[in-house]
Amino acid sequence: MSGNCASYGGGVYALSSTLALAGSVVLRDNTAVSYGGAVDCDSSQITVADSVSMLRNRAELGGAMYVDAA
């Protein structure tokens, strides 16, 4: 997933959910205005396994990933 832009989670935004990133996942060149350039997990559970790559993602907080487990 690449080249996306959003306020929260440029690539993926998870709200009160369960997210699994596994296998040959590449999150590249995504932008979030606020949180999580590639991934923003808000009140969610996340599992990252195998060969997950997060490259050149941008955000004010959490360039690659922002996790708020509140």
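Note on segment 46-66: residues that are in contact with a strand residue (DSSP E or B) (Cβ under 8 Å, 6 or more places away or on another chain), open to solvent by 70 Å² or more (accessible area, probe 1.4 Å) and more than 17 Å from Asn4 (Cα to Cα) total 2. If you go through segment 21-42 and pick out every residue that is open to solvent by less than 10 Å² (accessible area, probe 1.4 Å) and of a type in the set (D, E, K, R), you end up with 1. Listed by position, the strands (runs of 3 or more DSSP E) inside the chain whose residues that are within 9 Å of the chain's Cα centre (by Cα) and in contact (Cβ under 8 Å) with a residue 12 or more places away in the chain number at least 3 are 12-15, 39-42, 65-68. The residue of segment 1-20 that is most open to solvent (accessible area, probe 1.4 Å), among those that are of a type in the set (S, T, N, Q) and closer than 16 Å to Ile46 by Cβ, is Thr18.
The values are calculated or read from the model by the stated rules, or taken from the named source; none is laboratory data. Predicted, not measured: the structure shown is a model, and the values here were computed from it. No Cβ is skipped: glycine too gets one built from the backbone with ideal geometry, and neighbour counts run over all protein chains shown. These accessible areas exclude ligands, DNA and RNA; they are computed on the full protein's heavy atoms, side chains included. Shrake-Rupley method; radii C 1.70, N 1.55, O 1.52, S 1.80 Å.
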